[in-house]
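Read-outs: derived from the displayed coordinates by stated rules, not from any lab. Just so we're clear, the structure is a prediction, and the values are computed from it rather than from any experiment. Because the Cβ atoms are built from the backbone with ideal geometry, glycine has one as well, and the counts that use them run over all protein chains shown.
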Amino acid sequence: MFLLTHAAIGATAIAAAGIASPVGAFGLGWLTHYLADAVPHGDEAVGVWARGPGGVRKLAAAAFADCGLIAMTLAIGYVFDRLSWPLAAAAVGATVPDFMLGFERIAGRRLFGPLGPFHERLHNFLKIDFPLPVGLVAQGLLAVLLWWRLFGA
């Protein structure tokens with residue numbers, strides 16, 4: 001799942017739960033990452049693409065673009081006075097597991113104990129594949145809908 005979508009899910013979850021603590025929000029955001037990854041989301045082909053030649057560079061470019069979109073989204077929330085520390089913390093927390101996995105790929109070894117293998121096992125847990133275009137559209141719509149719900153009118 002793309003980082004922007006993970007961030008939206010994490011932020012929405014803490015808003016729905018009414019969590020006011022940035023630390024608690026960060027933790028719940030982190031947890032939502034694993035829950036969301038267990039749901040089929042149509043970007044399994046990206047994992048194959050990222051394991052090919054130049055995979056680390058490809059992942060870094062995708063993460064950079066995703067983080068830029070998250071920063072722009074949070075800035076919009078800030079401009080319209082809808083951003084809170086817990087929302088921002090949940091959005092960041094929801095992206096951490098993918099960064100941890102990325103650091104392990106760069107290092108070529110396990111850095112975070114069992115979290116990496118646990119995370120990998122959760123991807124496509126239900127063994128249902130969607131075509132990449134369907135996943136991109138579905139994740140894009142979900143992210144827009146959730147961020148709109150959080151920051152919109």
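Across every pair of non-identical alpha carbons in the stretch 18-60, the mean reciprocal distance, once inverted, gives a Kirkwood radius of 12.6 Å. In the chain, the DSSP-assigned H stretches of four residues or longer account for a calculated mean residue ellipticity at 222 nm of -24000 deg cm²/dmol, using -39500 (n - 2.57) per stretch and the full residue count as denominator. Candidates Ala50, Gly24, Val79 compared by Cα position along the dipole of the chain: farthest toward the positive end lies Ala50, with charges placed on Cβ. Where a ≥ b ≥ c are the square roots of the eigenvalues of the C-alpha gyration tensor, would you call the stretch 51-139 rounded, which needs a/c under 1.5, or, failing that, prolate if a/b is larger than b/c, or oblate? Prolate. Simple rule: put +1 on each Lys or Arg Cβ and -1 on each Asp or Glu Cβ in the chain, find the dipole, and look at Ala62, Pro131, Phe112; the Cα lying farthest toward the positive end is Phe112. Exposure proxy ranking for Tyr34, Tyr78, based on other Cβ atoms within 10 angstrom of each Cβ and starting from the fewest, stands as Tyr78, Tyr34. Charging the Cβ of each Asp and Glu at -1 and of each Lys and Arg at +1, and nothing else, the dipole of the stretch 3-151 about its Cα centre rounds to 240 debye. If only the Cβ of Lys and Arg carry +1 and only the Cβ of Asp and Glu carry -1, the dipole of the stretch 76-153 around its Cα centre is close to 140 debye. Taking Cβ atoms as reference points and 14 Å as the exclusive limit, the residues near Arg57 contribute a net charge of +3, counting Lys and Arg as +1 and Asp and Glu as -1.
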